[in-house]
Amino acid sequence: MNLNPTDSPLDLVLLYGGTGGEREVSCLSAASIFHHLDPEKYRIRRIGIAPNGTWYLQPPGPGSATGKALEILAEGRPRVAALPGDGLWQETSPGNWQKLPVDVVFNIVHGVFGEDGRVQGLLETAGVPFTGAKTAGSALGMDKVFAKQLWEQKGLPVVPYAVAHRHDHELDPGYALQLFENCQKRFKLPLFVKPANSGSSVGVSKAHDWASFTLALNGAFAVDGKVLIEKAMTVR
């Protein structure tokens, strides 16, 4: 993998882990990318995001990988912070910080926070180059409902859909049944039920009847407060 067209090694940061349900997928992806980077072209540093959201600078090398995933060590590891307009900094001792040399961040954080524009906005604010789409594109691409609405505005065909909100579901005992009946009438069965903001198929279910629809809806609401319901399409 070559992101460096120059002869001088680039300071490359692998950013992985995260707080959401796709954390393990991110650690697996990070391991694959790490082992395909040419150490003669890149000085590689790993920053792992712990489940509580804290960023930690990891030891050199791949560490003690669990299976094929890169682990994230927290105890005894330097914390990392992004400062507006001033890059990434590591805590060398309590109250003392040192700037990290960074040419580019390879963002491998999946799902919420990693692909929805938040980490992109943080890195842009810090003035740090990174891989992938920028803040606005990431935010629009991550939210399936916003993406569909944008495509519709541009005249592109989309799979018929409906949108459900967790707060309506919690306030109205008959909300789910009314939603199911409306979708059944408009789209026919089966239906796909998806969290609006999630990836790696987390929280996605196929509903063939009322019982499976309620399970699918509750499962999707456990992941996100906004849910996309789509007509199942036979495309092959």
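At-a-glance table
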item	result
Whichever residue in the stretch 128-147 is in contact with a strand residue (DSSP E or B) (Cβ under 9 Å, 6 or more places away or on another chain) and not in a helix (DSSP H, G or I) and, among such residues, is surrounded by the fewest Cβ atoms within 10 Å (Cβ to Cβ)	Pro129
Flag for Lys134 being without any contact (Cβ under 8 Å) to a residue 40 or more places away in the chain and not hydrophobic (A, V, I, L, M, F, W, C)	yes
Options Thr6, Thr19, Thr66; residue that is modelled with pLDDT under 95 and touching a Pro at 6+ places or on another chain (Cβ under 7 Å)	Thr19
Test: residue in the stretch 25-35 that is farther than 14 Å from Asn107 by Cα, touching a strand residue (DSSP E or B) at 6+ places or on another chain (Cβ under 8 Å) and either surrounded by 15 or more Cβ atoms within 10 Å (Cβ to Cβ) or in the same structural domain as Val102 (by TED's automatic domain parsing) (or both)	no
Checklist (1) modelled with pLDDT of 95 or more; (2) out of contact with any Pro (no Cβ under 6 Å at 6 or more places or on another chain); (3) not hydroxyl-bearing (Ser, Thr, Tyr) applied to Glu91, failing item	(2)
Pair list, Cβ under 9 Å, 6 or more apart: the stretch 139-151 residue closer than 13 Å to Asp224 by Cβ, other residue surrounded by 15 or more Cβ atoms within 10 Å (Cβ to Cβ) and polar (S, T, N, Q)	Met142/Asn197; Met142/Ser198; Asp143/Asn197; Lys144/Asn197; Lys144/Ser198; Val145/Asn197
So Ser212, is it surrounded by 12 or more Cβ atoms within 10 Å (Cβ to Cβ) and free of Cβ contacts under 8 Å to residues at least 24 places away in the same chain	yes
Contacts under 7 angstrom Cβ, first residue in the stretch 102-114 being surrounded by fewer than 21 Cβ atoms within 10 Å (Cβ to Cβ), partner in a loop (DSSP other than H, G, I, E, B) and among the charged types (D, E, K, R), 6 or more apart	none
Filter result for Val159 (within 15 Å of Asn197 (Cα to Cα) and either surrounded by 14 or more Cβ atoms within 10 Å (Cβ to Cβ) or modelled with pLDDT of 95 or more (or both))	no
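The rows are residues; the columns are (1) in a loop (DSSP other than H, G, I, E, B); (2) in contact with a helix residue (DSSP H, G or I) (Cβ under 8 Å, 6 or more places away or on another chain); (3) under 18 Å from Glu22 (Cβ atoms).
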position	(1), (2), (3)
Pro39	yes, no, no
Ile44	no, yes, no
Ile47	no, no, yes
Glu71	yes, yes, yes
Pro84	yes, yes, no
Gln90	no, no, no
Trp97	no, no, no
Pro101	yes, no, no
His110	yes, yes, yes
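The rows are residues; the columns are (1) among the acidic types (Asp, Glu); (2) under 27 Å from Ser26 (Cβ atoms).
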position: Gly155; (1), (2): no, no
position: Tyr161; (1), (2): no, no
position: Glu170; (1), (2): yes, no
position: Glu181; (1), (2): yes, no
position: Ala216; (1), (2): no, yes
position: Val223; (1), (2): no, yes
position: Val235; (1), (2): no, no
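The values are calculated or read from the model by the stated rules, or taken from the named source; none is laboratory data. A quick note: this is a predicted structure, and the numbers were derived from the prediction, not measured. Cβ coordinates were reconstructed from backbone atoms using ideal geometry, including for glycine residues, and neighbour counts include every protein chain displayed.
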